[in-house]
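The values are calculated or read from the model by the stated rules, or taken from the named source; none is laboratory data. Bear in mind that the values here come from a model prediction, so they are computed numbers and not experimental data. Cβ coordinates were reconstructed from backbone atoms using ideal geometry, including for glycine residues, and neighbour counts include every protein chain displayed. Side chains included, ligands, DNA and RNA excluded: accessible areas come from the protein's heavy atoms. Shrake-Rupley method; radii C 1.70, N 1.55, O 1.52, S 1.80 Å.
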Amino acid sequence: MQMDAGVLADFARGCAVLGSGGGGSPASVTRPLAEQAIEECGPVRVVAAGELPEDAFVMPVGLIGSPAVAEERIGSRAEPARMRERVEALHGRPVAAVLCSEIGGLNGCTAVAWAARLGLPLLDADAMGRAFPRMDQNVLELAGLRPGPTVLADEYGRTVVLDHVDGAWLEELARSVVTTFGGHAATSEYPLTAGQAARHAVAGSVTRAVAVGRGEGVSALLSGKVSSVRRDEEGATRVLLEGTGADAGRLVRIEARSEFVAALEDGRTLALVPDVISLVDVHTGWAVPVEEVRYGLRVRLFALPSAPVWYSEAGLRLAGPAAFGLDGLTREVAS
């Protein structure tokens, strides 16, 4: 597949849906950056990990920090090259391809932009299959791959390398670095080979995002309007959806943290993290971030399955309901 401007439009919408309300919106920043990179450098070749030599070195890329800060600090054309140079110096080998660290939210288009600027293929895979709030909530962590050396960089060329850390320490230390950088950083963590990506990354996630953005294979659980939004000081958000049209009379409660994590109706759990839960604005066709949900918004509720590994015992420990404070919630009965 060639990622050109036309495919990118569908891809960006799909990434927004796979963000599950988190990960930032690609619409305002990273999609335009990817469009510009493709216009200046040409389309990006999207390849399966198995198409590359087993030992080909792959550089994961992404952004962490505040999406609001990312909208103000969009980086520079030189940032991808500086990151590649730092990563190659640490590993003593050339980067052969780019891997998206998180397909959901703004990071999917970030990976496209970087691949275009670097003239490298983008793997049809990622490390989450959606968006999660923590850096260590990824399938490479589940596979036992080392997070480091992790490189964090700002747009001025300053870099910090974190090594000899596990996933939990990576999250802790990286957030401290991001704060020092002013709330935003580019990252490359969990370096790996194409063979490791083929075995452990979420395969087909770029292709899936394009399909989701085109509306293929997805159907709404509810069409309705936001009748109330409650946010507490601990960062939890509760949204009440009132069905409209054919769904009139239905009430669905959405629980959210950084992402939407549960959808409940009449004592039933319609969807529960690690499911991807998304609200799509019926007027714009774009998924709505948690922080932008407001009273009166007309939306459609979608729920998509995550990668199968997230439903394993280890996957649920790392990113299941209990990880988001939903210990008492099951797929059968709401607490």
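Going through region 264-277 one residue at a time, which ones are over 26 Å from Ser66 (Cβ atoms) and either crowded, with 22+ Cβ neighbours inside 10 Å or touching a helix residue (DSSP H, G or I) at 6+ places or on another chain (Cβ under 8 Å) (or both)? Give the derivation first.
Within region 264-277, the subset over 26 Å from Ser66 (Cβ atoms) is 264-272.
Result: Ala271, Leu272.
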Have a look at Val87, Val46, Val29 and point out the one that is open to solvent by less than 50 Å² (accessible area, probe 1.4 Å) and farther than 25 Å from Gly183 by Cα. Val46
Could you tell me whether Ser76 is open to solvent by 20 Å² or more (accessible area, probe 1.4 Å), within 23 Å of Asp275 (Cα to Cα) and modelled with pLDDT under 95? no
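Please state which one of Val299, Val280, Val290 is in contact (Cβ under 8 Å) with a residue 12 or more places away in the chain, within 25 Å of Gly108 (Cα to Cα) and either open to solvent by 40 Å² or more (accessible area, probe 1.4 Å) or within 15 Å of the chain's Cα centre (by Cα) (or both). Walk me through how you get there before you give the answer.
Working: Val299 fails: either open to solvent by 40 Å² or more (accessible area, probe 1.4 Å) or within 15 Å of the chain's Cα centre (by Cα) (or both); Val280 fails: either open to solvent by 40 Å² or more (accessible area, probe 1.4 Å) or within 15 Å of the chain's Cα centre (by Cα) (or both).
From the options Val299, Val280, Val290, the qualifying one is Val290.
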If the Cβ limit is 6 Å and pairs must be 6+ apart or interchain, which residue in region 40-53 that is farther than 18 Å from Ala194 by Cα pairs with which residue that is surrounded by fewer than 18 Cβ atoms within 10 Å (Cβ to Cβ)? Pro43/Gln2; Pro43/Asp4
Looking only at region 126-183, and only at residues there that are within 17 Å of Val69 (Cα to Cα) and among the acidic types (Asp, Glu), the one that is surrounded by the most Cβ atoms within 10 Å (Cβ to Cβ): Asp154
Counted residues, region 1-53 - those being under 23 Å from Phe132 (Cβ atoms) and of a type in the set (S, T, N, Q): 4
Counting only residues in region 102-125 that are surrounded by fewer than 24 Cβ atoms within 10 Å (Cβ to Cβ) and either hydrophobic (A, V, I, L, M, F, W, C) or under 9 Å from the mean Cα position of the chain (by Cα) (or both), the one farthest from Met3 (Cα to Cα) is identified as Leu118
Qualifying positions in region 193-205 - hydrophobic (A, V, I, L, M, F, W, C) and either surrounded by fewer than 24 Cβ atoms within 10 Å (Cβ to Cβ) or in a helix (DSSP H, G or I) (or both): Ala194, Ala197, Ala198, Ala203
Is it fair to say Ser66 is closer than 28 Å to Thr180 by Cβ, in contact (Cβ under 8 Å) with a residue 12 or more places away in the chain and either open to solvent by 50 Å² or more (accessible area, probe 1.4 Å) or in contact with a Leu (Cβ under 7 Å, 6 or more places away or on another chain) (or both)? no
Counting residues that are touching a His at 6+ places or on another chain (Cβ under 7 Å), which helices (runs of 4 or more DSSP H) fully inside region 54-149 reach at least 2? 67-72, 139-142
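Before we move on, is Ser20 hydroxyl-bearing (Ser, Thr, Tyr), within 30 Å of Gly195 (Cβ to Cβ) and in contact (Cβ under 8 Å) with a residue 12 or more places away in the chain?
Values: hydroxyl-bearing (Ser, Thr, Tyr): yes; within 30 Å of Gly195 (Cβ to Cβ): yes; in contact (Cβ under 8 Å) with a residue 12 or more places away in the chain: yes.
Against the criterion (hydroxyl-bearing (Ser, Thr, Tyr), within 30 Å of Gly195 (Cβ to Cβ) and in contact (Cβ under 8 Å) with a residue 12 or more places away in the chain), Ser20 qualifies.
Would you point out which residue out of Gly217, Gly243 is at pLDDT below 95 and either open to solvent by less than 10 Å² (accessible area, probe 1.4 Å) or out of contact with any Pro (no Cβ under 9 Å at 6 or more places or on another chain) (or both)?
On the way: Gly243 fails: at pLDDT below 95.
Just one listed residue meets the conditions, Gly217.
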